[in-house]
Amino acid sequence: MAARRLSSLLSRSLSAASPSSSSRSAASLLRSGGRRVSRFSTAAATEELIIPSFQISHTQHLINGKFVDAASGKTFPAYDPRTGEVIAHVAEGDAEDINRAVAAARKAFDEGPWPKMSAYERSRILLRFADLVEKNSEELAALETWNNGKPYEQALTAELPMLARLFHYYAGWADKIHGLTVPADGPYHVQTLHEPIGVAGQIIPWNFPLLMFAWKVGPALACGNTIVLKSAEQTPLTALYVAKLFQEAGLPPGVLNVVSGDGPTAGAALASHMDVDKVAFTGSTDTGKIILELAARSNLKPVTLELGGKSPFIICEDADIDHAVELAHFALFFNQGQCCCAGSRTFVHERVYDEFIAKAKARAVKRVVGDPFKKGVEQGPQIDNEQFEKVLRYIRSGIDSNATLECGGERLGSKGYFIQPTVFSNVKDDMLIAQDEIFGPVQSILKFKELDEVVRRANATRYGLAAGVFTKNINTANYLTRALRAGTVWVNCFDVFDAAIPFGGYKMSGIGREKGIYSLHNYLQVKAVVTPLKNPAWL
C-alpha cells in the first residue's frame, strides 16, 4: 500500500467542522480532541488534538503466517497517551499462544525453507521489507505516535529512516556470514561453521517499538533463525503492522511470529520455554534479572540483555556553554526522557555551573510540549499512567531531598500524561534522582571540580550503558573516554546511532551488544569440523 500524504493521514479535530464534499464525511474520520498547552510556561497557547484518519487493522497475533485471535479469546486495550483513551483492542497472549508460536517457529526452522534458502535469497526478502517500510513510512510513523506519544516529526524523519536503514544493513550481512579454515598441529583439515542458533525469543520495550523491532529481528533473520517476538503491552500496534509487511515481502510462514501480551504471562512463557534456543530482551534491569533466571532454570538458553542506565553527561570548564546546554537538553529530554541511555546525570564544572544552570532553565522553559502530531512540538506525553505517576514521584523526591527545582515539576494539563520539562540544580550523588533511572523529562544537574573526581562519581553507579563528554581538549576527551565505565561514550555529541555502531552496557546495563557486526554473534553457533588428511601436500 502506497504511503499516503500526511494530510490524508492526520486531521485536526474541529467540533464545528463543516461537512466535506468527499465520499467520507468528516465525522467518520475525526474525533474531538482535548486542548493541550503547546509551551508549558504559557497557558494561553492551546490547540485541538490531531487525530489520525486511518483505521487500525492489525490487532491479532501473527502465528505461522496467519493473523489469529488469542487462544483464550481475550483482548486488552491499546491507548492514546495524549488522552488515555482506548484506540484499539489487541489479542491478549498467554502461555498457550506462546506455545503455538514456538511450535510454528520450530517447524519453520527444522522443516521450512528459511534456513535452507540461500543467504542471497534471504537478503532479498529483507531488502523488499525495507522498501515496504519506506513506502508505508507516513502511516507507520502516525501509528507509532498515536500509540506511543512521541513527536510525529521524530518518528517520521528519524526513526522510520533508521528502521529501513537497519534492514538494508542486515540484508547486506546475510550473504557475508561465514566460518574460517583453521590450521592445526597435525594432518587435519579444520573448518568452523557459523550456523543459525534456531528459534529466537525476543521481547521488545515500549519506548522505541519500531527501532527495537529492527535491532532484534534484523540480525536474527540475517543469520537464518526463526523468531517469536513479544511486543510491549503498551505499544503492540506497529509490530503487528510491520509483521504484515514482512508477509508482503515474501517471508515464509512461521519464520516471524508476533504475540502481544503481558510480561508476567506471555513474556515469562517465552523466556522459560524449553524449545526456544535463545532469548533477547530490552527493558528494565529488574525484569532483565527475571529473564535471565527463567532462561537458566529452563534449558539454559543464551540471553542478551539491553537494560537500564543512569548515564553521566560531563561538561568541562572549556565548554562552549550555549552548545553544551543544547546538547545536554537533547541528551535528557529526547523522547520525553524515555530513553535508556538518556544523559540523566549532568555533571557541570564549577567554573561554568551557574551560567549553565541559568541557560539550562531557560531552554527547558522554552521547550514546546503538546500534541505530538503538531509540527514543532518537541515533547509529547509519557507512555501511560504508571510511568506518569512514577516520574512525578521522583520529582517529589527531588524536592524533598532539597535539590533546587529550577522549573517544571508538575503535570501539564488535566488529561493525558503530559509532564512539564523539569530541571533540578544542586543535586547530590546520594539523592534518588541522581541514582535511579527516572525515564522521564527530569534533568538533574550536579557540580564537579576535578576530572578524577567526576570520573569516580560518574562510575559510582550500578549502570554502565552510556556517557557523554563535552570538551574542546583532546587530551581531556581521551582521558574520560577510557576512564568511564560505559558501553558507549559520545564526545561532543549524544544519541548518535547508526546501524553499524554497537550498543550495549557494562555492569547492570546488560549483556551483549545490539547492532553492527557484534549483534550477529548473538544469533550464531560456532561449529568446528575436523577431517583427517591422508598424505597432505601441505599443512
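The lone criterion from (1) farther than 30 Å from residue 381 by Cα; (2) part of a strand (DSSP E or B) left unmet by residue 280 is number (1).
Here residue 175 fits the description: touching a Ser or Thr at 6+ places or on another chain (Cβ under 7 Å), assigned by the TED database to the domain that holds residue 234, among the acidic types (Asp, Glu) and more than 28 Å from residue 336 (Cβ to Cβ). Checking each residue of segment 345-363 against the condition of being touching a Gly at 6+ places or on another chain (Cβ under 7 Å) and not aromatic (Phe, Trp, Tyr) gives no match. When 428, 415 are checked against the criterion of being assigned to a loop (DSSP other than H, G, I, E, B), open to solvent by 60 Å² or more (accessible area, probe 1.4 Å), modelled with pLDDT under 95 and basic (Lys, Arg), 415 stands alone in meeting it. List, please: which pairs have Cβ atoms under 9 Å, are six or more places apart or on different chains, and start with a residue in segment 238-261 that is assigned by the TED database to the domain that holds residue 128 and more than 24 Å from residue 73 (Cβ to Cβ) and end with one that is of a type in the set (Val, Ile, Thr) and in a strand (DSSP E or B)? Hits for this filter: 242/258; 255/226; 255/227.
Which of (1) on the phi > 0 side of the Ramachandran plot; (2) open to solvent by less than 40 Å² (accessible area, probe 1.4 Å); (3) touching a residue at least 24 places away in the same chain (Cβ under 8 Å) is the odd one out, the single condition residue 516 does not satisfy? Residue 516 satisfies every listed condition except (3). Exactly one residue among 451, 480, 446, 484 is in contact with a strand residue (DSSP E or B) (Cβ under 9 Å, 6 or more places away or on another chain) and surrounded by fewer than 18 Cβ atoms within 10 Å (Cβ to Cβ), and that residue is 451. Check whether at least one residue in segment 101-115 is open to solvent by 10 Å² or more (accessible area, probe 1.4 Å) and on the phi > 0 side of the Ramachandran plot, and report yes or no. No, the conditions are met nowhere in segment 101-115. For residue 259, indicate whether it is within 20 Å of residue 59 (Cα to Cα) and touching a His at 6+ places or on another chain (Cβ under 6 Å). Considered against the rule, which asks whether it is within 20 Å of residue 59 (Cα to Cα) and touching a His at 6+ places or on another chain (Cβ under 6 Å), residue 259 comes out as yes.
Has segment 243-253 got any residue that is among the aromatic types (Phe, Trp, Tyr), farther than 27 Å from residue 460 by Cβ and touching a Ser or Thr at 6+ places or on another chain (Cβ under 9 Å)? No, segment 243-253 contains no residue that is among the aromatic types (Phe, Trp, Tyr), farther than 27 Å from residue 460 by Cβ and touching a Ser or Thr at 6+ places or on another chain (Cβ under 9 Å).
Being under 24 Å from residue 153 (Cα atoms) and assigned by the TED database to the domain that holds residue 487 is true for just one of 341, 316. Which residue is that? Show your work before the answer.
Numbers: 316 fails: under 24 Å from residue 153 (Cα atoms).
Checking each option against the conditions leaves just 341.
Just to be sure, is residue 409 part of a loop (DSSP other than H, G, I, E, B) and either closer than 30 Å to residue 456 by Cα or free of Cβ contacts under 8 Å to residues at least 24 places away in the same chain (or both)? Yes: the conditions hold for residue 409. Every condition in (1) of a type outside the set (D, E, K, R); (2) modelled with pLDDT under 95; (3) open to solvent by less than 60 Å² (accessible area, probe 1.4 Å) is met by residue 41 except one, and the failing one is (3).
Considering each of 10, 30, 14 in turn, give the residue that is buried (at least 20 other Cβ atoms within 10 Å of the Cβ), over 29 Å from the mean Cα position of the chain (by Cα) and at pLDDT below 95.
Step by step, each of 10, 30, 14 is checked, and only 30 is buried (at least 20 other Cβ atoms within 10 Å of the Cβ), over 29 Å from the mean Cα position of the chain (by Cα) and at pLDDT below 95.
When segment 491-522 is filtered for residues that are outside any loop (DSSP other than H, G, I, E, B) and either of a type in the set (Lys, Arg) or touching a Leu at 6+ places or on another chain (Cβ under 9 Å) (or both), the ones remaining, listed by number, are 491, 503, 507, 508, 509, 510, 511. Summed over segment 126-149, residues that are open to solvent by less than 10 Å² (accessible area, probe 1.4 Å) and part of a helix (DSSP H, G or I) total 12.
From the list 304, 346, 287, pick out the single residue that is open to solvent by 10 Å² or more (accessible area, probe 1.4 Å), closer than 30 Å to residue 379 by Cβ, touching a helix residue (DSSP H, G or I) at 6+ places or on another chain (Cβ under 9 Å) and not small (Gly, Ala, Ser).
Result: 287 is the single residue among 304, 346, 287 that is open to solvent by 10 Å² or more (accessible area, probe 1.4 Å), closer than 30 Å to residue 379 by Cβ, touching a helix residue (DSSP H, G or I) at 6+ places or on another chain (Cβ under 9 Å) and not small (Gly, Ala, Ser).
The values are calculated or read from the model by the stated rules, or taken from the named source; none is laboratory data. All values reported here derive from a predicted model rather than from experimental measurement. Note: ideal-geometry Cβ built from the backbone for every residue, glycine included; neighbour counts use all protein chains shown. We work out accessible area using only protein heavy atoms, side chains counted, and drop any ligands, DNA or RNA first. Shrake-Rupley method; radii C 1.70, N 1.55, O 1.52, S 1.80 Å.
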